[in-house]
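The values are calculated or read from the model by the stated rules, or taken from the named source; none is laboratory data. Just so it is clear, the model here is predicted, and its values are computed rather than measured. Note that we place each Cβ from the backbone using ideal geometry, even for glycine, and neighbour counts take in every protein chain shown. We work out accessible area using only protein heavy atoms, side chains counted, and drop any ligands, DNA or RNA first. Shrake-Rupley method; radii C 1.70, N 1.55, O 1.52, S 1.80 Å.
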Amino acid sequence: MKIENYILVCILPLFFACQQKAVEKKEEKTAKNVILLISDGTGLSQISSAFYFKDSSPNYGRFEDIGLINTSSSREDVTDSAAGATAFACGEKTYNGAIGVADDSTTIKNLVEIVSLKNIKTGMVATSSITHATPASFYAHTLSRGFTEKIALHLSESEVDFFAGGGLQFFNDRKDGRNLLNEMVKKNFFIDTVALGDLSKIQNAEKLGYLLAKNAMPKVQEGRGDFLVKATDLGIQFLTKDGSNFFMMVEGSQVDWGGHANDGSYLVSELIDFDDAVGKALDFAEKDGNTLVIVTSDHETGGFTLAAKKKKREDGSEYSDYSEIGMTFSTGGHSATLIPVFAYGPGSEVFKGVYQNNEIFDKILKVTNWGAGSN
Ligand code: MG
Ligand code: ZN
């Protein structure tokens, strides 16, 4: 073979391979399902704690596309969970305490309302009451996060197809005397107040709700077990059982409470539990191929640090032992530090960069095309 021909034979397949790659890139990437996992009150140090204190490799380590968000609310540098979650759920920064309403108190559409018009199923999982600020922002509209009974009413009237968490008292022990459990059953809900079931039991349910505590779910340290992982798994199974596509929000609610309490072991146990749920979502997304997993937080809590442990010498003088971590806190409240965003699956690359918390909403609609034709 002449040398020119030989070169051609070698180069031509490369040329076609490049062409094919360009075509593939063009027709990429609409996510069909989204799992948004929010660990309340979780900054980089909380996430880092999983790398030091979890017995197995943290699931946070499975992501390649990572960004940072500024979480400030419309009026305050330091956000609360209501404004933080409303930014994710409705795409607008609002005042601290607001649930699904704008800074001028007008109602703004949330993701559940937008996607349910397109027959996308929706699910909510939390380790707090399901009426707590983070999940509430995805289905309710109230001027204050404190209007818990109203928030429960909004859940019962919403298009949410699956929920699991605490908060039973806001449904069946209300000042207005209504029993929302009965009302929801009439709307084709299967409600369980005892324990998570398995899919065989709930296969025929149209909608499914678990209210497994009067208010918040117990701490991991007080026997919550693997509720969060199981509820995440069951939610995925339930929402996809008829071949539907879905949006699900999963909250590790109590990482925040460990931060408020300046209780390192409470915080870390909740963070590790949340990381297990992230693993469950990633396992599904890897198999499914059409599911976008986003992991982030509404803000940091506690000004948490993984400092070198302070110890005392025999003479009473203090020193920092760099061979051991001593968890420390700078506040009993929230902080304004930038918050990491991890993404995996179709469209994950748009979550890279440094941006505002409410842009998460826009990015979800963009990579799913769920926003098309709405407004
Ligand atoms: Mg929360
Ligand atoms: Zn908080």
**Item:** Percent RCO, i.e. relative contact order, over segment 289-358, from Cα pairs under 8 Å lying at least 6 residues apart
**Value:** 43
**Asked** Using modelled backbone amide H atoms (1.01 Å from N, in-plane), which distant-in-sequence or interchain residues come within less than 5 Å of A308's amide H?
**Response** G326
**Compactness of segment 255-375 - radius of gyration and Dmax, Cα, Å** = 19.3, 72
**Fill in**
Between K109 and S330, the FRET efficiency computed from the C-beta separation at R0 = 30 Å comes out, to the nearest 0.05, as 0.20
**Request:** Any chance you could look up the accessible area of V367 with a 1.4 Å probe, heavy atoms only, rounded to 10 Å²?
**Result:** 10
**Asked** Separation between the N119 and R75 pseudo-spin-labels, each 7 Å from Cα along Cα→Cβ, expressed in nm?
**Response** 4.3
**Request:** Rounded to whole Å and ordered largest first, report the semi-axes of the equivalent ellipsoid of the chain derived from its Cα gyration tensor (root of 5λ).
**Result:** 35, 31, 20
**Request:** Please find, in a Gaussian network model of the chain (springs between Cα atoms separated by less than 10 Å), the residue of A98, A308, A285 whose mean-square fluctuation is greatest.
**Result:** A308
**Message:** So, taking all protein chains as they sit and a 1.4 Å probe, how much accessible area belongs to D288, in Å² rounded to tens?
**Reply:** 60
**Asked** Hey, how much of the P(r) for segment 98-158 falls beyond 14 Å, as a percent of Cα pairs?
**Response** 52
**Request:** Loop only per DSSP, at most 16 neighbouring Cβ atoms within 10 Å: give me the trypsin sites (Lys or Arg not before Pro) in segment 226-332, ordered by residue number.
**Result:** K241, R313
**Complete:** Taking only the alpha carbons of segment 190-339, the radius of gyration and the largest Cα-Cα distance, Dmax, both in angstrom, are 19.7, 70
**Message:** Based on alpha-carbon centroids, what's the gap between segment 270-321 and segment 343-375 in Å, whole number please?
**Reply:** 24
**Request:** Mind pulling the per residue volume of the convex hull built on the Cα atoms of segment 131-235? Å³ is fine.
**Result:** 104
**Message:** Compute a Gaussian network model of the chain, connecting alpha carbons closer than 10 Å, and tell me which residue from D283, D362, D104 fluctuates the most.
**Reply:** D104
**Prompt:** GNM, the chain, Cα, under 10 Å: largest mean-square fluctuation among T131, T94, T107?
**Reply:** T107
**Request:** Would you mind checking the pairs K29/K121; K150/K186; K93/K241 and listing those with alpha carbons more than 23 angstrom apart?
**Result:** K93/K241
**Request:** List the equivalent ellipsoid semi-axes of segment 269-312 in whole Å, largest first, each obtained as the square root of 5λ for an eigenvalue λ of the Cα gyration tensor.
**Result:** 32, 13, 8
